[in-house]
1. Sorted by average packing, counted as other Cβ atoms within 10 angstrom per residue and highest first, what order do 166-176, 285-295, 112-122, 97-107 take?
2. For the pair GLU260 and GLU236, what calculated FRET efficiency results from E = 1/(1 + (r/R0)^6), where r is the Cβ-Cβ distance and R0 = 35 Å, to the nearest 0.05?
3. For every other residue with a beta carbon closer than 15 angstrom to the beta carbon of GLY231, add +1 if it is Lys or Arg and -1 if Asp or Glu, then tell me the sum.
4. List the relative contact order of the range 215-370 as a percent without decimals, with contacts defined as Cα pairs under 8 Å and 6+ residues apart.
5. Would you kindly derive the ³J(HN,Hα) couplings of the range 231-245 from the backbone phi angles with the Karplus curve 6.51 cos²θ - 1.76 cosθ + 1.60 (θ = phi - 60°), listing them in order in whole Hz, with x for Gly and Pro?
6. Quick one: check the C-alpha center-to-center distance for the range 133-171 versus the range 272-346, whole angstrom.
7. To the nearest 20 debye, what charge dipole does the range 92-391 have about its Cα centre, counting +1 at the Cβ of each Lys and Arg and -1 at the Cβ of each Asp and Glu?
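Derivation of every value follows stated rules applied to the coordinates shown; laboratory data play no part. None of these values were measured; they are calculated from a predicted model. Positions of Cβ are generated from backbone atoms using ideal geometry, with glycine treated the same way; all protein chains shown enter the neighbour counts.
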Amino acid sequence: MRHKRITALFFVVLLLLSALPALANQGSSTQQLSPEIQQLIEQKVDELLAQRLATIQSAGPHSIQKPTVSKGEQHQIADDVIRSLTLSGALEVEANHTKDFNGNSSSGLELATVELAVDAKAHPWVQGHVLFLYEEGDDDDVVVDEAFITIGNSEESPYYLSAGRMYIPFGNFTTFMISDPLTLEMSETQETALQVGYESENWHSAIYAFNGDTSEGDASSTIEQYGAHVGYNLAEESWNVAIDTSYTSSLFDSDLLAEEFEVAATEGDYIPGFGVQGVLGVSNFTFIAEYITALEDLDVEGNKINPYTFNVEGAVTVELVGYETILALAWQNSDDLAGILPEQRFMASIGVSLFEDTTLTLEYAYDKDYDEHDGGSDDNSKSLTAQLAYEF
């Protein structure tokens, strides 16, 4: 502001000086400025010009227009940003040997998964979440797997709102295995969605809506898909239980089914889906059961299908040679998904906690394909996978 006043005064003085010759040339009755006053004015102008020149030389010609922030304020801003961020993620390296339905054998070593999640909470009621994902062999690209904004404060209110790219809350998919369960493979759905939820000590629920790949009539460009999720959990000293139920208006908007059935899935009527899962823990034993099914038939070139999948697992936690170890068995099944998923899968795994957040797991899987008259090969496949995982 001080520089602006100096500049204004400078131009006023110049204006007065420019007017002096005109004043001097008026009639003989016009008073003339004394030499002392003219000398004083010229001296003042020289001082103002010197001050202006010194300001430009020291701070640059545009510095007067720029707001300034002290170094202390800059450090405080950077500190607030850093404090608002939380980083988490996982690294998974896998070695495997597989024999497929055609009897072909293969083996490999790969960086199976790299995940980095960034959560920012600069305001008590607003949180941003971004999850970056890399999977070797999947075009070797890093993708934004999740990115959404959540408005809510669990300490003040049980309600929240989330909007962005997310996996809709349909299904639960809890497992002790390395491989994804068939329930997840069939029905996992990633969309840009709007979700309103409720979460308390024992209850959690959500309703959501999105514009999926399926369409009904001319509704391909409208938000018509929706769903709901309700869950309850209770934990006591020696046991715990959790039950989840979920509904979607369009099961064939899942990542797998929309891709595999294409036209049949994306241009027919919406096929709703339902899922239920229960987890029971008693002492060191855990039992998991999940079932997901289509609620109506889908017409595929004159053939009606009504797919479902389920997963049943049992696990026990013991201590072996000083390390916490989880021994688990699983039985999984699918129907009406020949050529897409195996009809049955039997699995066994052993996971050893080597260090905090570091686990070494060995998994064996036996897949049985559909019979030939159901569209399968009536063959089987086997795989053995070892995984070293670190979470942070």
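1. So the peptides 166-176, 285-295, 112-122, 97-107, ranked by packing, come out 166-176, 285-295, 112-122, 97-107.
2. 0.25
3. On the way: positive: none; negative: GLU199, GLU201, ASP244, GLU290.
In short, -4.
4. For the range 215-370, the relative contact order is 14 percent.
5. Once θ is set to phi - 60°, the couplings for the range 231-245 become x, 9, 9, 9, 10, 10, 5, 10, 7, 8, 9, 9, 10, 10, 10 Hz.
6. The distance from the Cα centre of the range 133-171 to that of the range 272-346 comes to 24 Å.
7. On the way: 7 positive and 58 negative charges, 185 e Å.
Dipole magnitude for the range 92-391 comes out near 880 debye.
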